Amino acid sequence: MDVDEFTDALRDAHETPLSRLGSSKSLYALTGGEMAGDAVRAAVAREATLAAEAYADLASETSGETKTLFETLADRVAKQAETAGAEPADREFPDAEALGEPTTDAGRLGAALARQLLADTRVGQAVGFFVGDADPAGADEFRSLREAVAADHDRVADRLAAVDDRAATREAADAVIEAAYDDYVESLESMGVEPKNVC
């Protein structure tokens, strides 16, 4: 599979959701409107914790190089949760649940690619938050975290390149992004914010 072409097509298909998930309101939704450093750290830590658990489950369901990949991701993402530097928030991430749902290797890898795209977007927003909060140390910590997320993306992309079942890969990737966007919309609406007016 041409992973770059696949990723471009995925981004094109979800242009509006990904744009909104990459907006400044994304962290607002994830923290329940509590825009403070500890709340941002806790939200990032929670998502990474749940993703690490999902990757560990995927590793138990696969074999060979794909199993090795998911074992590596489970370990690395768990450490990234610790790097966020806060006790994980008490909230669910439906996209982390969607990450663990595919039943084929193609689907699992597609879901993982989508998760890494979302993680990059969220951590990037966290970098911007700490810059705006005049916390250069926090910004540097999250820049390092974003580099780790990018490295994991490359790991997934390398393995995905060997996959031929594009339909299963795309279906699973779509499900992860859609779950994240639905959660974003529901979170903002619960706080009286109109998501469609947020760009």
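Each row is one residue, and each column tells you yes or no for (1) surrounded by fewer than 16 Cβ atoms within 10 Å (Cβ to Cβ); (2) under 17 Å from the mean Cα position of the chain (by Cα).
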| position | (1), (2) |
| --- | --- |
| Arg91 | yes, yes |
| Ala96 | no, yes |
| Pro102 | no, yes |
| Asp140 | yes, no |
| Ser144 | yes, yes |
| His153 | no, yes |
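Within region 130-175, being among the β-branched types (Val, Ile, Thr) and touching a residue at least 60 places away in the same chain (Cβ under 8 Å) holds for Val149, Val156, Val163, Thr169.
Looking for something farther than 23 Å from Glu189 by Cα and surrounded by fewer than 20 Cβ atoms within 10 Å (Cβ to Cβ) - is there at least one such residue anywhere in region 15-22? First the steps, then the outcome.
The initial filter retains those residues of region 15-22 that are farther than 23 Å from Glu189 by Cα, namely none.
Scanning region 15-22, I find no residue that is farther than 23 Å from Glu189 by Cα and surrounded by fewer than 20 Cβ atoms within 10 Å (Cβ to Cβ), so the answer is no.
Just checking, does region 14-33 include any residue being within 21 Å of Gly128 (Cβ to Cβ), hydrophobic (A, V, I, L, M, F, W, C), at pLDDT below 95 and assigned to a loop (DSSP other than H, G, I, E, B)? There is no residue in region 14-33 that is within 21 Å of Gly128 (Cβ to Cβ), hydrophobic (A, V, I, L, M, F, W, C), at pLDDT below 95 and assigned to a loop (DSSP other than H, G, I, E, B). Of all residues in region 62-78, those satisfying the criterion of being in a helix (DSSP H, G or I) and free of Cβ contacts under 8 Å to residues at least 24 places away in the same chain are Gly64, Lys67, Thr68, Glu71, Ala74, Asp75. For region 41-56, state whether one or more residues are more than 16 Å from the chain's Cα centre (by Cα) and among the charged types (D, E, K, R). Scanning region 41-56 turns up no residue that is more than 16 Å from the chain's Cα centre (by Cα) and among the charged types (D, E, K, R).
A quick yes/no check of all residues on (1) basic (Lys, Arg); (2) assigned to a helix (DSSP H, G or I):
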residue: Gly138; (1), (2): no, yes
residue: Ser144; (1), (2): no, yes
residue: Glu147; (1), (2): no, yes
residue: His153; (1), (2): no, yes
residue: Arg170; (1), (2): yes, yes
residue: Ala175; (1), (2): no, yes
residue: Leu188; (1), (2): no, yes
residue: Val193; (1), (2): no, no
residue: Lys196; (1), (2): yes, yes
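In this structure, does Ala112 turn out to be touching a helix residue (DSSP H, G or I) at 6+ places or on another chain (Cβ under 9 Å), in a helix (DSSP H, G or I) and of a type in the set (Gly, Ala, Ser)? Yes: the conditions hold for Ala112.
Take the conditions (1) under 15 Å from Glu53 (Cα atoms); (2) surrounded by fewer than 23 Cβ atoms within 10 Å (Cβ to Cβ); Leu69 misses just one of them, which is (2). Of the residues screened, Ala173 is not one that is at pLDDT 95 or above and either among the polar types (S, T, N, Q) or surrounded by fewer than 17 Cβ atoms within 10 Å (Cβ to Cβ) (or both).
The values are calculated or read from the model by the stated rules, or taken from the named source; none is laboratory data. Fair warning: this is a prediction, and the values are worked out from it, not measured in the lab. For neighbour counting, all protein chains shown are included, and Cβ atoms are generated from backbone atoms with ideal geometry for every residue, glycine included.
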